[in-house]
1. Taking helices (runs of 4 or more DSSP H) that do not extend beyond region 4-110, which have at least 3 residues that are of a type outside the set (Gly, Ala, Ser) and at pLDDT below 90?
2. Only residues that are polar (S, T, N, Q), over 30 Å from Leu72 (Cα atoms) and surrounded by 10 or more Cβ atoms within 10 Å (Cβ to Cβ): list them for region 1-51, please.
3. Pick from Gln90, Gln54: which is of a type outside the set (A, V, I, L, M, F, W, C) and surrounded by 15 or more Cβ atoms within 10 Å (Cβ to Cβ)?
4. Which of the residues that make up region 57-73 are surrounded by 12 or more Cβ atoms within 10 Å (Cβ to Cβ) and under 12 Å from the mean Cα position of the chain (by Cα)?
5. What pairs come out if I take residues in region 33-45 that are within 18 Å of Thr87 (Cβ to Cβ) and pair them with residues that are among the β-branched types (Val, Ile, Thr) whose C-beta lies under 7 Å away, six or more apart or interchain?
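The values are calculated or read from the model by the stated rules, or taken from the named source; none is laboratory data. Owing to the predicted nature of the structure, the values given are computational and were not obtained by experimental measurement. Methodologically, a virtual Cβ is constructed for each residue, glycine included, from the backbone with ideal geometry; neighbour enumeration extends over all protein chains shown.
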Amino acid sequence: MSELDEIRKRKIAEIQARQNQSQSSQANEEAAFMQQVEKMESMVKPYFSKEALQRYSNLRLAHPEQAVKVLLVMSQGIQSGKLKMVTDEQLKSLLREFLPKKRDISITRR
């Protein structure tokens, strides 16, 4: 029985080591992603109007995935020279494009 216990302990230690490695690699990837997002934010934020910056901050807190999409589109527009200053209305129209189309549901009673 002692050999079985030793084998079990080794297997458990191996599994735990693998899990720790995968967790640390995921943490590193997430940290790198967050660093890229911060870099994009620092590049894009000066181009936002005061109202657009407030709307973006609210969006970032409520819907982080959509905020990253907005950052990508805005940074591409700014780098290509298409956007000079982003107003609140421009940000609203961009957000409407990201929203899924809602189906009209009509209920008819007979």
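1. Details: elements: 50-62, 64-80, 88-98.
Hits in region 4-110: 64-80, 88-98.
2. Narrowing region 1-51 to residues polar (S, T, N, Q): 2, 16, 19-26, 28, 35-36, 42, 49.
Pick out the ones that are also over 30 Å from Leu72 (Cα atoms) and you get 2, 16, 19-21.
Within region 1-51, Gln16, Gln19, Asn20, Gln21 qualify.
3. Exactly one residue qualifies, and that residue is Gln90.
4. Here is the first cut: in region 57-73, the residues surrounded by 12 or more Cβ atoms within 10 Å (Cβ to Cβ) are 57, 59-60, 63, 66-73.
Residues satisfying the conditions are Leu59, Arg60, His63, Gln66, Ala67, Val68, Lys69, Val70, Leu71, Leu72.
5. What qualifies is Val44/Ile78.
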